[in-house]
Amino acid sequence: MKKTPDHYSSSTKLYSWHYALGQSVRLPDGEVGLSASNHRNREDSWFKSLFVRKVDPRKDAHSHLLTKNEESNLYKIQFHNVKPECLDAYNQLCEETLPSIHNDKYYPCELVGTWNTWYGEQDQAVHMWRYRGGYPALTEVMSKLRQNKEFMKYREERGKMLLSRRNQLLLEFSFWNEPIPRKGPNIYELRSYQLRPGTMIEWGNYWARAIGYRQHNSEAVGGFFSQIGNLYMVHHLWAYKDLEAREATRNAAWQHEGWDEVVYYTVPLIQHMDSRIMIPMKASPLQ
């Protein structure tokens, strides 16, 4: 496995630093680094070989390399921060309106799941939709909803209950299962990772192997990456019977050879991460 600069040993980093400054340094094995002033013709190429990552030219977008192209599913995730005093009324409004769109064949979309955040941001609702057919399906649904008087009334009432809202358009990783309806009761964890720009392919390469360590209890629900909204954002959705089962399942992953290596190499790719524990609403296909 080719090592990146983050993974070089401390002695190698120390040696390269003093070498660049034209100094000598004694390495742990007793060798003495040569002064850079004696090797000016080779300094630039040697130094760059350590710290410049070579990128193979590609003709495909990263999204085409990571997703299930043949299915062309597009997902939308919505985060609604609700006024605390309005949360019950908001949930009831969603349960009355969202299933009708999900069940109507006139709309090429499906409600994947709808939740309230239990641990994380309080008084928050999270909805996830799937559009079979990609962007054309999304455009068709948005156009039809604007003509739907019931939905427009729902949006008007919903707006009075919200403090803020945001959404993202997502694609699903090819190596994750497609989220399908699930019987409950379960709790769900949405783990969101803001990656360093340019590291999505590397993340995908590691998790294509790592997902095998996390499917023994059928906890893996879906894995997605952003296309529009916050870019280089990854969402992993997990299901557990309860918090105790979550802890036991996550601890068990460390007993599998290779899991520690995946964690070691993916942590440096992350700029920020967040975890939400969510409870399904009554209308959610994921219970």
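List pairs: first in the stretch 218-234 and touching a residue at least 12 places away in the same chain (Cβ under 8 Å), second among the basic types (Lys, Arg), Cβ under 6 Å, 6+ apart or cross-chain?
As it stands, the answer is Ala220/Arg214, since those pairs meet every condition given.
Is there any pair with a first residue in the stretch 89-109 that is outside the structural domain of Arg130 (by TED's automatic domain parsing) and a second that is crowded, with 18+ Cβ neighbours inside 10 Å whose Cβ atoms are under 6 Å apart and which are 6 or more apart or on different chains, and what are they?
No pair meets every condition.
Six or more apart or on different chains, Cβ atoms under 6 Å: show the pairs whose first residue is in the stretch 146-158 and assigned by TED's automatic domain parsing to the domain that holds Gln124 and whose second is of a type in the set (S, T, N, Q) and surrounded by 14 or more Cβ atoms within 10 Å (Cβ to Cβ).
Cβ pairs passing all conditions: Tyr154/Thr97.
Restrict the check to the stretch 223-245 and report whether at least one residue is polar (S, T, N, Q), more than 17 Å from Thr67 (Cα to Cα) and at pLDDT below 95.
yes
Can you give me the number of residues within the stretch 241-287 that are outside any strand (DSSP E or B) and either without any contact (Cβ under 8 Å) to a residue 60 or more places away in the chain or under 23 Å from Leu195 (Cβ atoms) (or both)?
29
Regarding the stretch 161-177, can at least one residue be identified that is among the aromatic types (Phe, Trp, Tyr), surrounded by fewer than 19 Cβ atoms within 10 Å (Cβ to Cβ) and assigned to a loop (DSSP other than H, G, I, E, B)?
yes
For the stretch 123-143, indicate whether the set of residues that are out of contact with any strand residue (DSSP E or B) (no Cβ under 6 Å at 6 or more places or on another chain) and farther than 22 Å from Gln227 by Cα is non-empty.
no
The values are calculated or read from the model by the stated rules, or taken from the named source; none is laboratory data. The shown structure was predicted, so the numbers you read here are calculated from the model rather than taken from an experiment. All Cβ positions, even for glycine, are placed from backbone atoms using ideal geometry, and neighbour counts span all protein chains on display.
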